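Q: Below are the structure tokens for one structure; questions will follow.
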Amino acid sequence: MTATEELRRQDNYALGRTPGEYERLRAQARVWESATGRLLDRVGLAPGASCLDAGCGPGETMRLMAQRVGPAGRVLGIDVDASLGAMAEAALHGAGHHHCHFRVHDLTAGGPIPGAPFDLVYARLLLFHLPQRRAVLARLWDAVAPGGHLVVQDYDLRSVDVLPALDSVEELGRVVTGAFTAAGCDVHAGARLPQLFVQAGAGVPDGTDVAGRIEPFGSGRTMLEHVFRSLLPTALAHGVTTETGAAATLAAIDRDAAHFPGSPLLWPLLIGAWKRKEQT
Ligand SMILES: C[S@@+](CC[C@H](N)C(=O)[O-])C[C@H]1O[C@@H](n2cnc3c(N)ncnc32)[C@H](O)[C@@H]1O
């Protein structure tokens, strides 16, 4: 078993840890750059601040933080994936962001969050994946310094659809939702953030934000297919589809994209919530 396969087995992460998935995460992060940047600005992230990106993945949000806090600030990314984190740190240092650092950390293991407290604790598309999302959010809230902010953004997959409705997209959606759910993910995590903030002891969020994206099916199918491919081992392991069924779904997407390249495809909603911790 390779180190990557061993990590997948240990942490049960639905999307897997392949170069293709890492590249998909980078492309996805570029799409949401302005939606995330506006929340960082909304909570007033300023030069000199200390930030945590929990479940930082490829480190794209760490870059947005680094640009705002400047060299007098501090940006720490934590993730359970050591190799993706090392790549993120190398890329950030290569771009001159030497105040960014990465530490391997499993947020479900219960240990103290390294480097806490922070002026900003941020997590995007992390809680979605974690059955222990309430306990992890409570831990993130604990890591916020008095006067600092907790900011979370997560998906709600309900909006994913194309007009006119297509059987191929419906089947792809069934497999994606089924595989995520079987792996313990919450496909409505974004919509549940306000409730989750309360349950985690942070209280009612100070604000919420909903970001969306619509693009022609001809180009938008790429992200759909990449998610499908990354999830396929999980879907097969849980019996949500078969190798033959998956191949048929991808072929149907190909055919439909050729017939309906201009049909509007709506992405998942990226829902944000934030809360300031009172000064003590
Ligand atoms: C969908 S990716 C999102 C990455 C990044 N936040 C972004 O928005 O581009 C989810 C990330 O959470 C990380 N992750 C999953 N379980 C984790 C855990 N228990 N502790 C820390 N990170 C975890 C994964 O390794 C992955 O990098």
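Q: Can you list the residues of region 261-279 with backbone N under 11 Å from a point 7 Å past the Cα of D161, pointing along Cα to Cβ?
A: Zone members listed by number: 266.
Q: Something else: Please list log₁₀ I(q)/I(0) at q = 0.10 Å⁻¹ for the chain, using the Debye equation with identical point scatterers on the alpha-carbon positions.
A: Debye intensities relative to I(0), on a log10 scale: -0.52.
Q: Okay, next question. Of E278, E60, how do they rank once you tally other Cβ atoms within 10 Å and put the fewest first?
A: So the ranking, lowest neighbour count to highest, is E278, E60.
Q: Just to confirm the number: angle between the C-alpha axis of helix 133-142 and the first principal axis of the chain, 0 to 90 degrees, nearest 10?
A: Helix 133-142 sits roughly 20 degrees off the main axis of the chain.
Q: Tell me, E225, E170 in order of fewest to most beta-carbon neighbours within 10 Å?
A: E170, E225
Q: Rounding to the nearest 10 and keeping the result within 0 to 90°, find how far the Cα-based axis of helix 167-182 lies from the longest principal axis of the chain.
A: For 167-182 against the chain, the angle is about 40 degrees.
Q: Something else now. On alpha carbon coordinates alone, what is the Rg over Rh value for region 139-261, Rh being the Kirkwood radius?
A: Values: Rg = 17.8 Å, Rh = 16.6 Å.
So for region 139-261, dividing Rg by the Kirkwood Rh gives 1.08.
Q: Can you tell me which of 235-243, 67-75, 47-55 comes out highest on packing, and rank the rest after it, using the mean Cβ neighbours within 10 Å?
A: 47-55, 67-75, 235-243
Q: Calculate, for R174 and A135, the FRET efficiency according to 1/(1 + (r/R0)^6) with r their C-beta to C-beta distance and R0 25 Å; round to the nearest 0.05.
A: On the way: r = 30 Å, r/R0 = 1.20.
In this case the efficiency is close to 0.25.
Q: Between R213 and H259, what is the label-to-label distance in nm when each label sits 7 Å out along the Cα-to-Cβ direction?
A: For the pair R213/H259, the computed spacing is 2.7 nm.
Q: Given the rule -39500 (n - 2.57) for each run of at least 4 DSSP H residues, summed and divided by the residues of the chain, what is its mean residue ellipticity at 222 nm, to the nearest 500 deg cm²/dmol?
A: Calculated from helices alone, the mean residue ellipticity at 222 nm is -14000 deg cm²/dmol.
Q: From the C-alpha gyration tensor of region 22-64, pull out the three semi-axes of the equivalent ellipsoid (sqrt of 5λ each), sorted largest to smallest, in whole Å. Could the numbers behind the result be given before it?
A: On the way: eigenvalues 78, 31, 9 Å².
Each semi-axis is the square root of five times an eigenvalue, giving 20, 12, 7 Å.
Each value in this text was obtained by applying a stated rule to the coordinates, not by laboratory testing. Computed from a prediction, not measured in an experiment: that's the story for all the values here. All Cβ positions, even for glycine, are placed from backbone atoms using ideal geometry, and neighbour counts span all protein chains on display.
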